[in-house]
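Trainee: Structure incoming, see below.
The values are calculated or read from the model by the stated rules, or taken from the named source; none is laboratory data. Everything numeric in this text was worked out from a predicted model, so none of it was measured. Every residue, glycine among them, receives a Cβ derived from its backbone with ideal geometry; neighbour counts consider all protein chains shown.
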Amino acid sequence: MKISTTIHTFFAMSLALIFAKTATAQHWNSFQNGGSLQSENWMVPTEWSPEKGIAWHTKLAGYGQSSPVIADDVAYLTSVTGPNKETLNIEAISLTDGQRKWIFNHENSSPEENTVMVSRAAPTPVADADGVIAFFEGGNLFALDHAGELRWKRDLKAEFGEHKARHGLSASLEQDDEHVYLWCERAESPYVMSIKKNNGETAWKKPGLGNTSWSSPRLMTVDGKPQLILSSIGLIVGVDPSTGDRLWEFDKVASNSSSTPVPVGDGKFLMGASGSRGGKETIPSCGVISITSHNGVYAAKWDWVAEKASCSFGSPFAFDGKAWFVNRTGIVNCHDLQTGDKVFTARLGAGQIWATPLATKSGIYFFGKNGVTSIVEPNEKLKVVAENTLWKPDAPKENDKKEAESGPGSGAVLYAAAIAGDTLVMRRGDILYGVR
């Protein structure tokens with residue numbers, strides 16, 4: 001069901017005329033903007049606080065861990081509501097004033113307890129000229145137009161069985177012009193599939209990797225051709241997006257449960273992993289991996305590995321010829337992107353980050369889990385431009401439970417950031433902020 005608060009009859013038509021099928025500089029149409037995380041054209045503030053610099057903040061319909069996607073000054077977000085996540089929400093928020101344009105609600109076909117230990121609207125949707133496509137971890141998949149009207153829907157639980165996984169699923173959708181790619185790395189019979197965006201039909205469906213993962217699929221170019229990269233603990237694979245066939249496998253990696261591969265050009269990507277805990281997980285797994293081909297056969301190898309670096313939930317980041325890794329305590333390890341040589345190690349005021357950093361002409365924005373953003377210059381040592389707080393430390397709890405919560409996702413959490421024009425958009429579990 002869709003509830004409209006402000007409907008402009010020309011809204012969807014104007015988007016179709018303005019917005020090309022894939023991302024452009026003024027749009028943010030997928031998780032991590034498809035790996036495009038830096039631009040000198042982004043002109044956003046370097047100073048804000050709960051008292052100043054925040055243009056608007058909007059209470060969302062429910063709680064969600066997904067990133068916003070943006071099309072023509074409108075942000076689209078997903079969330080869940082109810083003690084058992086009974087209701088799924090997709091809503092459109094104007095970046096001009098933070099007003100809600102519409103909200104789409106649907107019954108969850110796979111309700112389960114709403115808790116900090118299981119994902120809550122974690123997969124990020126995708127947007128294009130035709131609308132927004134959103135996937136929820138229980139198996140519900142929806143395609144809406146830009147006015148919030150349903151185009152098509154699927155219940156993947158009904159089609160393929162329950163989507164049970166440790167701590168839930170969180171892989172975001174990936175897209176190209178014609179297809180959306182969905183990765184369900186569940187406990188039993190995991191799968192990855194390509195779905196036609198115009199009608200929701202399956203283009204292909206293949207087995208998943210069979211390992212734990214909260215990473216997202218990432219399209220990148222290798223030798224002028226696209227590949228879909230999937231990263232799970234102990235195994236990374238490259239897939240032909242036109243057929244679903246595996247092109248290569250790489251197992252010289254460990255603890256790579258959460259970070260999504262970040263393309264850095266020339267068939268290379270930046271990989272991040274959490275700290276080691278013994279056994280195979282002692283393999284250092286932060287660095288640059290390159291994909292090569294010989295006589296049509298692809299292979300992957302480490303270009304270099306940062307022996308002491310690790311990542312938490314946020315992915316690593318490349319900017320100004322350097323690679324940046326932030327661990328679970330807020331320590332940033334900076335390495336030369338080409339050689340892997342260490343540049344420096346320092347502690348960020350932002351602390352642990354869940355959102356992947358962004359870079360503008362003003363510096364690199366590191367978004368701390370607890371709402372503190374550290375902005376630094378990309379120098380040979382850490383130089384802090386500013387540190388800003390988005391909300392007061394005594395922010396109210398983000399759910400309706402009366403008992404105190406604990407765990408890595410408890411309390412107010414800053415999950416993601418995106419940029420559109422002069423607006424820096426930041427998503428807390430229950431609130432969307434616009435800073436400019």
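Trainee: Is it the case that Thr282 is modelled with pLDDT of 95 or more and not hydrophobic (A, V, I, L, M, F, W, C)? Even if it seems obvious, please write down each step before you answer.
Mentor: On the way: modelled with pLDDT of 95 or more: no; not hydrophobic (A, V, I, L, M, F, W, C): yes.
Judged against the criteria, Thr282 is not a match.
Trainee: While we're looking at this one, here's another question. Taking segment 122-143, which residues are among the hydrophobic types (A, V, I, L, M, F, W, C) and part of a strand (DSSP E or B)? Walk me through how you get there before you give the answer.
Mentor: Of the residues in segment 122-143, the ones among the hydrophobic types (A, V, I, L, M, F, W, C) are 122, 126-127, 129, 132-136, 141-143.
Listed by number, the residues that qualify are Val126, Ala127, Val132, Ile133, Ala134, Phe135, Leu141, Phe142, Ala143.
Trainee: Then there's this: Tell me yes or no: at least one residue of segment 70-80 is out of contact with any Pro (no Cβ under 7 Å at 6 or more places or on another chain), buried (at least 17 other Cβ atoms within 10 Å of the Cβ), in a strand (DSSP E or B) and not β-branched (Val, Ile, Thr).
Mentor: yes
Trainee: For Ser293, work out the one condition from (1) under 23 Å from the mean Cα position of the chain (by Cα); (2) within 24 Å of Gln227 (Cα to Cα) it doesn't fulfil.
Mentor: That leaves (1) as the condition not met.
Trainee: Let me ask something else about it. For segment 165-189, name all the residues that are farther than 17 Å from Thr202 by Cα, surrounded by 15 or more Cβ atoms within 10 Å (Cβ to Cβ) and either of a type in the set (A, V, I, L, M) or over 14 Å from the mean Cα position of the chain (by Cα) (or both).
Mentor: To start, the set of residues in segment 165-189 that are farther than 17 Å from Thr202 by Cα comprises 165-172, 185-189.
If we keep only those that are surrounded by 15 or more Cβ atoms within 10 Å (Cβ to Cβ) as well, we get 165, 167-172, 185-186.
Within segment 165-189, Ala165, His167, Gly168, Leu169, Ala171, Glu185, Arg186 qualify.
Trainee: Okay, next question. Can you report the number of residues in segment 243-257 which are in a loop (DSSP other than H, G, I, E, B) and of a type in the set (A, V, I, L, M, F, W, C)?
Mentor: First pass over segment 243-257, keeping only residues in a loop (DSSP other than H, G, I, E, B): 243-245, 251-257.
When the remaining residues are screened for being of a type in the set (A, V, I, L, M, F, W, C), the result is 253-254.
Number satisfying all stated conditions: 2.
Trainee: Among the candidates Ile133, Ile195, which residue alone is crowded, with 19+ Cβ neighbours inside 10 Å, among the β-branched types (Val, Ile, Thr) and more than 24 Å from Thr356 (Cβ to Cβ)?
Mentor: Working: Ile133 fails: more than 24 Å from Thr356 (Cβ to Cβ).
Of the residues listed, the single one that is crowded, with 19+ Cβ neighbours inside 10 Å, among the β-branched types (Val, Ile, Thr) and more than 24 Å from Thr356 (Cβ to Cβ) is Ile195.
Trainee: In segment 391-429, what count of residues is obtained for those that are in a loop (DSSP other than H, G, I, E, B), at pLDDT 60 or above and small (Gly, Ala, Ser)?
Mentor: Start the filter on segment 391-429 by keeping residues that are in a loop (DSSP other than H, G, I, E, B), which leaves 391-413, 421-422, 429.
Of the ones still in play, those that are also at pLDDT 60 or above are 391-394, 410-413, 421-422, 429.
From the residues that got through so far, the ones that are small (Gly, Ala, Ser) too are 410-412, 421, 429.
Going through segment 391-429 one residue at a time, the tally reaches 5.
Trainee: In segment 218-231, what residues are closer than 21 Å to Ala122 by Cβ and surrounded by fewer than 22 Cβ atoms within 10 Å (Cβ to Cβ)? Outline the logic, then answer.
Mentor: In the first step, residues of segment 218-231 are kept if they are closer than 21 Å to Ala122 by Cβ; the result is 218-219, 228-231.
Across segment 218-231, the qualifying residue is only Leu219.
Trainee: Let me ask you something else. Look through segment 305-342, keep the residues that are among the hydrophobic types (A, V, I, L, M, F, W, C) and in a loop (DSSP other than H, G, I, E, B), and return whichever of them is nearest to the chain's Cα centre (by Cα).
Mentor: First, pick out the residues of segment 305-342 that are among the hydrophobic types (A, V, I, L, M, F, W, C): 305-306, 309, 311, 313, 317-319, 323-326, 331-332, 334, 337.
Subset that is in a loop (DSSP other than H, G, I, E, B): 306, 309, 311, 313, 337.
Details: Ala306: 23, Ala309: 21, Cys311: 15, Phe313: 10, Leu337: 22 Å.
The extreme case among them is Phe313.
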